[in-house]
1. Strictly greater than 16 Å: what percent of every Cα pair in segment A:9-135 meets that?
2. List every residue whose amide H lies under 5 Å from the amide H of B:Ala62, counting only residues 5 or more places away in sequence or on a different chain, with H placed 1.01 Å from N in the peptide plane.
3. Find out how many positive minus negative residues lie around B:Ala104, taking Lys and Arg as positive, Asp and Glu as negative, among other residues whose Cβ is under 10 Å from that of B:Ala104.
4. Build a GNM of chain A with springs between Cα atoms under 10 Å: which of A:Pro85, A:Pro56, A:Pro32 gets the top mean-square fluctuation?
5. Only counting other Cβ atoms within 10 Å, I'd like B:Val4, A:Val127 sorted with the fewest neighbours first.
6. Mind sorting B:Met47, B:Met98 by how few other Cβ atoms lie within 10 Å of their own Cβ, fewest first?
7. Tell me, what is the percent relative contact order of segment A:9-135, built from C-alpha pairs under 8 Å that lie six or more residues apart?
8. Over 10 Å intervals from 0, what percent of Cα-Cα pairs in the protein assembly as shown sits in each interval?
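A short reminder: the numbers here are calculations on the coordinates, not readings from a lab. The structure presented is a predicted model; accordingly, all values stated were derived computationally and were not measured. Cβ placement follows ideal geometry from the backbone for every residue including glycine, while neighbour counts extend to all protein chains displayed.
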Amino acid sequence: MNNLVIKRSQQIEFRLTGSIATGKRYFATDIPNLSRNNVVVYGIEFFVAGQEATTPTGNTVVTPSTGVVVTLRDNKKQEFMYQVPMYTLIRANNAGLIVLLKPRIINLTDCYVQLTNTTSITLGESVAANIYYDLVD
Amino acid sequence: MRLVSPLIEYLFASKKMKQVGSYEGSYTKSVYMPFTSNALIGTSYYMAPDPILNSVNNEITAIELVDSVTNATAPTVPATDPLSTGQAAQGYFYFCNMKREVVAYIPLYSLIRRLNAGKVQFCNFDDTIVWQNCFVQFDSLATAITTANSVWLRVTYSPIEN
């Protein structure tokens with residue numbers, strides 16, 4: 001059994017703005033130094049409020065994990081990880097294993113989450129995650 | 001004969017993946033950061049200089065946050081309480097290099113080994129990490145962190161072979 005080693009990591013978030021609705025796409029917020037198709041992601045981990053109360057930008061993290069699905073897009077607009085349940089990407093639900101990905105350049109602001117159930121999710125909260133990455137040479 | 005996929009081979013070779021339960025590092029030590037006043041939101045609490053962890057001759061290979069269930073009391077003088085899971089969920093640990101650039105940051109909660117089914121968090125940084133440039137920051141404090149608390153980190157490191 002193998003687990004991820006941190007080379008670089010950064011917190012990303014998907015802010016639930018506008019309105020709360022199932023199916024709507026909530027895109028990752030812009031992080032200027034990581035939003036230029038310059039990040040090769042090889043691992044990702046999501047958090048709920050019990051694990052991370054507030055994001056570094058000051059937004060409350062969503063409490064339930066069972067009504068959110070995650071889609072990651074690469075720099076060719078390919079949805080290489082499509083509607084994966086957020087629950088699956090939480091480390092504590094996987095016996096401490098972080099989900100490893102085939103390293104890919106992602107287009108951060110093109111990645112999004114969707115709600116499948118809005119119970120206990122409030123407008124303005126964020127879906128929080130850590131990406132583990134290398135910079136493109 | 002053992003077949004290894006090119007992807008697995010790549011992740012191993014580039015040190016992005018490691019076997020669980022494998023060698024963590026040559027040495028390990030506990031580092032404590034007590035608070036002289038109640039913790040504040042947004043304040044960077046820097047690690048005290050450490051001649052071993054600061055050294056360019058050592059690399060950090062793993063890190064663990066010891067919480068109050070793992071060990072009820074930290075051996076600081078005076079004794080302090082390690083962070084509870086609720087307190088740990090409010091903060092992050094930031095790894096910084098020589099130029100104080102943030103190389104990685106991780107929620108403290110994610111570093112609690114017992115909550116990861118005994119799996120420690122491995123690290124392998126290309127940059128030289130300077131311990132006294134690393135810090136802890138809290139972004140919410142619904143559960144107060146007081147002078148009775150301390151951040152207890154167990155850091156594993158290995159000498160760099162020159």
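1. Working: 4635 of 8001 pairs.
Tail fraction, whole percent: 58.
2. The answer is B:Cys123, B:Thr156.
3. Working: positive: A:Lys7, A:Arg8; negative: B:Asp127.
Here the charged neighbours net out to +1.
4. A:Pro32
5. Working: B:Val4 9, A:Val127 26.
Result, fewest neighbours first: B:Val4, A:Val127.
6. Details: B:Met47 23, B:Met98 11.
The most exposed by this proxy come first: B:Met98, B:Met47.
7. Working: 301 pairs, mean separation 58.6, N = 127.
After rounding, I find 46 percent.
8. All Cα pairs considered, the percentages come to 6, 28, 36, 22, 7, 1.
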